[in-house]
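The values are calculated or read from the model by the stated rules, or taken from the named source; none is laboratory data. Given the structure is predicted, the values throughout are model-derived calculations rather than measurements. Cβ coordinates were reconstructed from backbone atoms using ideal geometry, including for glycine residues, and neighbour counts include every protein chain displayed.
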Amino acid sequence: MLSLMRLMVIAIGLCSLTVTTGCPVVVVGGAAGAGAYAYSKGKLTRSYQADYDRTIAASLDTLENLEMAIEEKPAGDAITSVIKAKNSSGTPVAVTVTLVAPNITEVSVRSGTVGLWDKKVSKLVHANIAQRLQ
């Protein structure tokens with residue numbers, strides 16, 4: 001029952017991305033469940049079964065482990081926070097953590113600037129966050 005509810009929340013979230021962004025969302029990695037990515041407007045987004053504070057901590061640890069200079073610590077409220085960093089080449093990286101439901105968070109990673117987005121870096125950041133949240 002919890003699994004079905006979780007999939008429904010994720011599916012609704014992905015559908016809302018399509019409506020709010022005005023363009024289709026590409027789902028990378030199969031079914032729209034945990035572990036699936038959505039790529040839209042330069043952001044690679046994935047849901048995690050983890051609480052908000054733990055996800056923020058995992059995101060900070062990931063950026064530090066990947067030797068990215070954190071320029072702005074989590075800024076936001078108890079629902080959405082943004083962490084801004086730069087990688088060794090000076091490319092900006094932004095990680096947005098959003099509370100979707102208790103123990104479900106959504107993380108969006110944008111690496112690069114408009115027109116020069118780097119999906120590989122975004123995938124690497126997500127892989128490290130996922131490992132920390134296991």
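On inspection, V107 fails the criterion of being surrounded by 18 or more Cβ atoms within 10 Å (Cβ to Cβ) and in contact with a Ser or Thr (Cβ under 6 Å, 6 or more places away or on another chain).
Being over 11 Å from the mean Cα position of the chain (by Cα), of a type in the set (V, I, T), modelled with pLDDT of 95 or more and buried (at least 16 other Cβ atoms within 10 Å of the Cβ): is that true of T62 here? Taking the combined requirement at face value, the residue satisfies it. Selection of the stretch 50-95 for residues being in contact with a Ser or Thr (Cβ under 9 Å, 6 or more places away or on another chain), without any contact (Cβ under 8 Å) to a residue 60 or more places away in the chain and under 19 Å from K123 (Cβ atoms) yields E67, M68, I83, N87, T91, P92, V93, A94, V95. Assess whether K73 counts as being at pLDDT 80 or above, of a type in the set (K, R) and surrounded by fewer than 18 Cβ atoms within 10 Å (Cβ to Cβ). Judged against the criteria, K73 is a match. Looking only at the stretch 96-134, count how many residues are touching a Lys or Arg at 6+ places or on another chain (Cβ under 6 Å) and either free of Cβ contacts under 8 Å to residues at least 24 places away in the same chain or of a type in the set (S, T, Y) (or both). Here the count works out to 1.
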